[in-house]
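The values are calculated or read from the model by the stated rules, or taken from the named source; none is laboratory data. What you see is a predicted model, and the numbers here were worked out from it, not measured in a lab. Cβ sites come from the backbone with ideal geometry, for glycine too, and all protein chains shown count toward neighbours. SASA here: full protein model, heavy atoms, side chains in, ligands and nucleic acids out. Shrake-Rupley method; radii C 1.70, N 1.55, O 1.52, S 1.80 Å.
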Amino acid sequence: MRGKLIKKVVIVGGGSSAMLAAAFISNNTPYKVTVIDKEDGAPIGVGEATLINFGPFMSACGFDFKEWFKYCDATYKTGILFPGWTKKEVWHPFKMNPMSKLTDFNKEDRNGFHVDCLKLAKFIKDKIKNKVTFIDGTVSHIDGHFVNTDKGKITADVFIDCTGFASVLQEKKKVDLSNRLICDTAVAGHVEYKNKKEKRKYVICEAVSCGWIWKIPVKHRIGTGIVFNRSITSPEEASEIFNNHWNGRVKIRKVINWTPYYKPNFWKHNVISLGLAGGFIEPLESTGLALAMEGAYQFVQLTRNGYGNAATSNLYNAIMKSFYEESIDFITMHYIISNRKEKFWQKARKLKRPFQINYYNSKLKEPLNYPNNQYSFFGGNNWVTWLRQV
């Protein structure tokens, strides 16, 4: 039994996840794609770090590497440096030496990138406007095979919910990850470059007394934020620590609160939850855009025949759950192996210990040969690379 024929896909939302999904689906399927979004509010726009799937994904959307790289104020991301987490700095490299010259880079398929996420969404929207229908409207709710908007009812075979934490189209039921992840708040902002030395080719995630601070170097400034637990440290206290860390240079933009979670069913009936609507872990290890892109990719892969049924959505849910679960375990490992003494870090070490820590610790004397497979962000190489350094 083939299931239901898919001809039309409607995406609700206008952020990075929505635009990436619209671009990928419209360029790799015959489906008619419509995006419904009402611009309101002020996005944070502090910069976004990506994993190594970003370059190939953008190519699969049909975008020219040099063009999007320049427009989005992109810089190369060769890996992540973790100062302060343990007695030694931990370096999590991607596929090249961070000290290599730019001429040594093998274009977009060898590394991650730092991008201005606001410019990324604008770039994509402009590039796909001739093959994707855009409707400026507000969606109130879904009713079977149509959504109710202030512009009337709009039908589709599959709806993709990219409405962020509001998750307008999907059920609000969540898998609460509060007992497995400690961070639930961030104060985000940006910093102007002081000198050329700050224009690094990698992200810095620096541990501080109440959590950690990210530093993402896009072309014209550094996107930055402090991540912490609001039951231990108030946003006011964290902001003071953040500001002092930057010696008053940071321009604070917004306080972001979340409860770490993912949806028990990413694809339920005819609705797929993508991006923040599908779940959010925390900013560490840059899984946000990567998970959204994977969601779009798996939808296209699993509906290659143009049909979707219960088996399709069940497989989709199993695949996406595996991506979230491995990301949660890998991120939790960072906190558990830290030897810092502050209250935040003491509580972090009480999180559920991922079994992979003991497994890969037992492999440290063996050759470093645990490559990722197609269903993994953080394969054995990532675990062993971290554990060898602590």
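Couple of notes before you dig in:
- Criterion (under 15 Å from VAL175 (Cβ atoms) and outside any strand (DSSP E or B)) met by exactly one of THR312, THR259: THR259
- Output for the stretch 130-144, where each listed residue is of a type in the set (A, V, I, L, M, F, W, C) and open to solvent by less than 50 Å² (accessible area, probe 1.4 Å): VAL132, ILE135, VAL139, ILE142
- Residue within the stretch 233-245 that is assigned to a strand (DSSP E or B), free of Cβ contacts under 8 Å to residues at least 60 places away in the same chain and surrounded by 15 or more Cβ atoms within 10 Å (Cβ to Cβ) present: no
- Lone unmet requirement of (1) open to solvent by 60 Å² or more (accessible area, probe 1.4 Å); (2) basic (Lys, Arg); (3) part of a loop (DSSP other than H, G, I, E, B) for ARG340: (1)
- Candidate set: the stretch 77-116, residues that are of a type in the set (Val, Ile, Thr) and either in a strand (DSSP E or B) or modelled with pLDDT under 50 (or both); chosen: the one nearest to PHE63 (Cα to Cα): VAL115
- Residue that is nearest to ALA18 (Cα to Cα), among those in the stretch 156-177 that are part of a loop (DSSP other than H, G, I, E, B) and open to solvent by less than 30 Å² (accessible area, probe 1.4 Å): CYS162
- Test for GLU192: is it at pLDDT below 90 and either over 19 Å from LYS66 (Cα atoms) or crowded, with 21+ Cβ neighbours inside 10 Å (or both): no
- Condition broken by MET293, with the remaining ones in (1) farther than 28 Å from ARG349 by Cβ; (2) in contact with a helix residue (DSSP H, G or I) (Cβ under 8 Å, 6 or more places away or on another chain); (3) open to solvent by 10 Å² or more (accessible area, probe 1.4 Å) satisfied: (3)
- Whichever residue in the stretch 312-328 is touching a residue at least 24 places away in the same chain (Cβ under 8 Å) and open to solvent by 30 Å² or more (accessible area, probe 1.4 Å) and, among such residues, is farthest from LYS8 (Cα to Cα): GLU326
- Those residues of the stretch 53-77 which are aromatic (Phe, Trp, Tyr) and either touching a residue at least 60 places away in the same chain (Cβ under 8 Å) or surrounded by fewer than 21 Cβ atoms within 10 Å (Cβ to Cβ) (or both), in sequence order: PHE54, PHE57, PHE63, PHE65, PHE69, TYR71, TYR76
- Scan of the stretch 274-309 for residues that are over 19 Å from the mean Cα position of the chain (by Cα) and of a type in the set (Ser, Thr, Tyr), ordered by number: THR303, TYR307
- Scanning the stretch 246-264 for residues that are of a type outside the set (Ser, Thr, Tyr) and buried (at least 21 other Cβ atoms within 10 Å of the Cβ) returns VAL250, PRO260, LYS263.
- Looking only at residues in the stretch 275-287 that are open to solvent by 10 Å² or more (accessible area, probe 1.4 Å) and part of a loop (DSSP other than H, G, I, E, B), the one that is modelled with the lowest pLDDT is SER286.
- Residue in the stretch 183-194 that is among the small types (Gly, Ala, Ser) and touching a Lys or Arg at 6+ places or on another chain (Cβ under 7 Å) present: yes
- Lone qualifier among ALA121, ALA186, ALA156 - being modelled with pLDDT of 90 or more, of a type in the set (Gly, Ala, Ser) and over 30 Å from ASN270 (Cα atoms): ALA186
- Residues within the stretch 195-232 that are surrounded by fewer than 17 Cβ atoms within 10 Å (Cβ to Cβ) and modelled with pLDDT under 95, tallied: 6
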